[in-house]
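**Q** Can you keep this structure in mind? I'll have questions shortly.
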Amino acid sequence: MNGILNLNKPAGYTSFDCVAVLRKLTGEKKIGHTGTLDPQATGVLPVCIGKATRLLEFMDSAPKTYVCGCTLGLETDTQDIWGSVLYDRRPETASVTRENVEKALRSFEGEIEQKPPVFSAIKVNGKKLYEYAREGRDVEIPVRKVTIHSIRILDWNGPEEPFTFEVVCSRGTYVRSICHDLGQMLGCGACMSSLVRTQTCGYSIENAVSMDDLKQMTAEQIEALLDPSETAVSHLQRLDLSEDQARLFCNGNPVWSQDLTLTDEIQAVFFDKQLIGIIRNKAIAKVL
């Protein structure tokens, strides 16, 4: 069994939980996911099965789209609604307008520096941040650059109610940190109250299969749902080779590229409509 499953991850499951369930349902041991979602988040989780797992490292560079619920006036230690409440200023949000929020959200667009939440899996000195947090230890959290391609309000019913916004962002972006930072800008605090990933790696939530449906299927039925490996790299530049070039490429012979003009981008290499490998910075990164 080889290919990619577009899974709609349910709330209450870790991303690894989903992999474990699929291993049991399919009998396949070689399964991995890309783009980890927090346990309470839902939405698109591409799962690679069999030989497709070799593409995991190249899939996560595509922009991701999320629909996020945000609650104004509430701050928690995890920057989301499931954490311990630090401050509750919800009665003080009455003066916040949609225009205030829209202006603040627009300031996030472009390349920004983001400080990840302390309850995250980012490692500092070989240890995950949430491990420091659970031990009550302070640690300096390094900021990192992420890109917000677009961000806009989808639904607004006044500052007292959670509102939703859509954000298209780069790999490594913490959407709950956007909520937290938004609250700081508005002076009332805020936290994430829901999160759905609607698109990533060329996959959309409209075509995703639910975990409940998968549990009712046989391994053969699940296999029929798999997309070919080529779909995992649809966001990469494509390079088509001739038969001679493809043979040299697959044998690792550097002569394969002597008549080609290559870029410094990661490229998906094809022969006869079949994905045969990946190159990075003009060098072979993976032969499939």
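**Q** Could you please let me know if Glu75 is more than 20 Å from the chain's Cα centre (by Cα), among the acidic types (Asp, Glu), modelled with pLDDT of 95 or more and under 26 Å from Arg197 (Cβ atoms)?
**A** Answer is yes for this residue.
**Q** Sticking with this structure for a sec: Out of curiosity, is Val168 part of a strand (DSSP E or B) and either closer than 15 Å to Ala41 by Cβ or at pLDDT below 95 (or both)?
**A** When the stated conditions are applied, Val168 does not pass them.
**Q** Just checking, does segment 181-201 include any residue being touching a Phe, Trp or Tyr at 6+ places or on another chain (Cβ under 8 Å), at positive phi, of a type in the set (Gly, Ala, Ser) and surrounded by 14 or more Cβ atoms within 10 Å (Cβ to Cβ)?
**A** Yes, that holds for at least one residue.
**Q** Another question, then. Give me the pairs, please: first residue somewhere in segment 146-169 and on the phi > 0 side of the Ramachandran plot, second residue anywhere and loosely packed, with under 14 Cβ neighbours inside 10 Å, beta-carbon distance under 9 Å, and either six or more positions apart or on two chains.
**A** What qualifies is Gly158/Ala94; Gly158/Arg98.
**Q** Looking only at segment 232-269, how many residues end up being of a type in the set (D, E, K, R) and either in contact with a Lys or Arg (Cβ under 7 Å, 6 or more places away or on another chain) or within 30 Å of Gln199 (Cα to Cα) (or both)?
**A** 4
**Q** Give segment 148-165 a look and list any residue that's in contact with a Gly (Cβ under 7 Å, 6 or more places away or on another chain) and either in a loop (DSSP other than H, G, I, E, B) or farther than 15 Å from Ile81 by Cβ (or both), or say none.
**A** Ile148, Pro162
**Q** May I pose another question? Out of the residues in segment 26-57 that are hydroxyl-bearing (Ser, Thr, Tyr) and at pLDDT 95 or above, which is farthest from Ile284 (Cα to Cα)?
**A** Per the stated criteria, the residue is Thr42.
**Q** Is it true that Ala121 is assigned to a loop (DSSP other than H, G, I, E, B), under 16 Å from Val168 (Cα atoms) and within 18 Å of the chain's Cα centre (by Cα)?
**A** For Ala121, the condition - assigned to a loop (DSSP other than H, G, I, E, B), under 16 Å from Val168 (Cα atoms) and within 18 Å of the chain's Cα centre (by Cα) - is not met.
**Q** Filter segment 256-273 for residues that are within 15 Å of Pro228 (Cβ to Cβ), more than 26 Å from the chain's Cα centre (by Cα) and not charged (D, E, K, R) and give the result.
**A** If the condition is that a residue be within 15 Å of Pro228 (Cβ to Cβ), more than 26 Å from the chain's Cα centre (by Cα) and not charged (D, E, K, R), then Phe271 is the only one that fits.
**Q** If you don't mind, another one. Among the strands (runs of 3 or more DSSP E) contained in segment 1-110, which hold 3 or more residues that are surrounded by fewer than 19 Cβ atoms within 10 Å (Cβ to Cβ)?
**A** Fully inside segment 1-110 and qualifying: 85-88.
**Q** A further question follows. Inspect segment 61-78 for any residue being closer than 28 Å to Ile266 by Cα and in contact with a Gly (Cβ under 7 Å, 6 or more places away or on another chain) and give the result as yes or no.
**A** There is at least one residue in segment 61-78 that is closer than 28 Å to Ile266 by Cα and in contact with a Gly (Cβ under 7 Å, 6 or more places away or on another chain).
**Q** Within segment 208-222, identify whether any single residue is in contact with a Lys or Arg (Cβ under 6 Å, 6 or more places away or on another chain) and in contact (Cβ under 8 Å) with a residue 40 or more places away in the chain, and answer yes or no.
**A** Taking every residue of segment 208-222 in turn, none turns out to be in contact with a Lys or Arg (Cβ under 6 Å, 6 or more places away or on another chain) and in contact (Cβ under 8 Å) with a residue 40 or more places away in the chain.
**Q** Of the conditions (1) modelled with pLDDT of 95 or more; (2) under 17 Å from the mean Cα position of the chain (by Cα), Arg23 fails just one. Which one is it?
**A** (2)
**Q** Looking at segment 79-120, which of its residues are touching a Gly at 6+ places or on another chain (Cβ under 7 Å) and among the basic types (Lys, Arg)?
**A** Passing the criteria: Arg89, Arg90.
**Q** May I pose another question? Any idea which of (1) at positive phi; (2) touching a helix residue (DSSP H, G or I) at 6+ places or on another chain (Cβ under 7 Å) is the one Asp272 doesn't satisfy?
**A** Of everything listed in (1) at positive phi; (2) touching a helix residue (DSSP H, G or I) at 6+ places or on another chain (Cβ under 7 Å), Asp272 misses just condition (2).
Matching residues to (1) in the same structural domain as Gly50 (by TED's automatic domain parsing); (2) surrounded by fewer than 17 Cβ atoms within 10 Å (Cβ to Cβ); (3) not hydrophobic (A, V, I, L, M, F, W, C):
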| residue | (1), (2), (3) |
| --- | --- |
| Gln216 | yes, yes, yes |
| Leu225 | yes, yes, no |
| Leu241 | no, no, no |
| Gln245 | no, no, yes |
| Asn251 | no, yes, yes |
| Leu260 | no, yes, no |
| Asp264 | no, yes, yes |
| Gln274 | no, yes, yes |
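**Q** crowded, with 18+ Cβ neighbours inside 10 Å, of a type outside the set (Lys, Arg) and over 30 Å from Ser229 (Cα atoms), is that true of Gly158?
**A** Criteria not met by Gly158.
The values are calculated or read from the model by the stated rules, or taken from the named source; none is laboratory data. Since the structure is predicted, the reported quantities are computational estimates derived from the model, not experimental observations. Virtual Cβ from ideal backbone geometry, glycine too; neighbours counted across all protein chains shown.
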